[in-house]
Amino acid sequence: LGGECLRVLQASETFLYSVSVLPGGEWLTCSEDRTVRVWAGGSDDCVQSITHPATVWDCAPLPNGDIVAGCADGRAYLWTRAAGRAAPQALQAGFKDEVAAVAMPAQQVEGMVGDLDVSQLASEEALAQPGEREGQHKIVKDEGGTPMLYTWSMAKGTWEKIGEVTGSSGGTSLGKRMHGGKEYDYLFDIDINGSMLKLPFNRGDDPWWAAQQFLWKNDIDQAFLDQVANFVITNTPGNQVSSGPRNADPFTSGGSYRPAANGAGSSGANGGNADPFTSGGAYRPGAAPEGVPSCGGSSAPQDPWMRGAYTTAQGAAAAAAAAVTSA
C-alpha cells in the first residue's frame, strides 16, 4: 500500500467504536447506535445490522466465524450463522423484547433518520411496506400514539422494533412515560441481583442524583451507585444537567459548594445548607450590636460561636490579628 485511501465507508450515523475483518473477508463494525453491522468485502453494501439493548463498545470475529459483541450493559453477546449453535427460541425472544424496550431520545433518533415531525408520523399500517435496504429505519405511531423506531431486516423480511422514541423534538413532546403519577422522558428497568426495578428520569436531571435517590428508595447498597449512574448516562446521550436548588449530597456532590470565578467563596449557588468543609451556606455575623466590642480591634464583630473565624481569603489577615490579640 502506498498510503492512498482506497474507500470511505459510511458505517454509522453515530460514533464508530470498532472495525474488524471476518475470516471470509467481510467487514464488521460496531457503534454508539447499538448496532453491529456486517459489510460485504467487495462493496459498500450492509449485509446485516444487529441492534443490541445498549451501546456496543467493541466487537470481534472468532476463529469459527462467530461474532462477539461487548456492550455498555456489561454483557457480551455471541452471534453465529450456524443453526446448531443458535440460542433457544425463548432466549432469542427475550433478547428482542429487551431491544424493543429501550427508550431512545428524539435528538439521537434525528441523527439517524433526519428531521422528526411527530404530526406527520404514519400508523403501524406503514410497516406493511417492505424496506429497501438492510438496517433502514422507520418511525411509526403505535395504537397509543407513541412513536416507535423500527429497522428493516433483509434476512427475515420484516421490520424489527428497536425502541421507543422519547424526549422532545422541536418543542414537541414525544413518548412521555407515566410513573408514580408523574410524566418522565425515560423509565429504565434496572436489574439489581435479578430484581427489575423502575428508575424514572427526565432530560436535564442529574444522573448521579437520580441514581442516589433510586438507591435510597429501594434500600440498595451504596456500592451500586457508579453502576446505576453510568447506566443512566450511557442511555441518555446529549443530556445537559440543568441547575436547580438542592442541598449538597455527600455521595454525589450534587448541590455542593463551587468557588466563584474570582476565587472568592460563595455560600452555595444552589441554596445548600452549611458545608463543614467549604463553609458554603454557613452563618455570617451581622453588624455588631450596640455595646459589644469588636475582637482585637478587627472590623468583624465578635461572635460567640464563630469567634471571629474567617471564611474567605480576604479575612485571613483580620482573623490572624484577632487570634494574636485574643491570646
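The values are calculated or read from the model by the stated rules, or taken from the named source; none is laboratory data. It should be emphasised that the depicted structure is a prediction, and the values quoted were computed from it without experimental measurement. All Cβ positions, even for glycine, are placed from backbone atoms using ideal geometry, and neighbour counts span all protein chains on display. SASA here: full protein model, heavy atoms, side chains in, ligands and nucleic acids out. Shrake-Rupley method; radii C 1.70, N 1.55, O 1.52, S 1.80 Å.
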### Task
Counting only C-alpha contacts under 8 Å and six or more residues apart, can you give the relative contact order of the range 1-41 as a whole percent?
31 percent
### Whole-angstrom gap from the range 116-154 to the range 178-233, using each part's C-alpha centre
29 Å
## Note on the structure
Once Lys and Arg are counted +1 and Asp and Glu -1 for all other residues with Cβ under 12 Å from that of residue 66, the total becomes +2
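For the range 34-99, what is the accessible area per residue in Å² when the probe is 1.4 Å?
With all protein chains present, the range 34-99 gives 52 Å² per residue.
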### Task
Could you please report the charge total around residue 193, scoring K, R as +1 and D, E as -1 over all other residues with beta-carbon less than 13 angstrom from its beta-carbon?
-3
### Charge context of residue 76, other residues only, Cβ under 13 angstrom, K/R +1, D/E -1
-2
### Task
Run down the lysines and flag those whose C-alpha is under 19 Å from the C-alpha of residue 161, throwing out any fewer than 8 positions away in its chain.
96, 138, 141, 176
### Query
How much length is gained if the chain between residue 13 and residue 62 is pulled fully straight, taking 0.36 nm per residue apart and subtracting their Cα-Cα distance, in nm to one decimal?
15.0 nm
### Query
Given a cut-off of under 8 Å on Cα pairs at least six residues apart, what relative contact order in percent is computed for the range 1-93?
18 percent
### Query
Expressed as a rounded percentage, what relative contact order does the range 1-158 have, with Cα pairs under 8 Å and six or more residues apart?
14 percent
#### Entry: Computed lengthening from residue 89 to residue 119, 0.36 nm per intervening residue step minus Cα-Cα distance
7.1 nm
### Task
Sort the following peptides by mean Cβ neighbour count (other Cβ atoms within 10 Å, averaged over residues), highest first: 197-203, 90-96, 26-32, 62-68.
26-32, 197-203, 62-68, 90-96
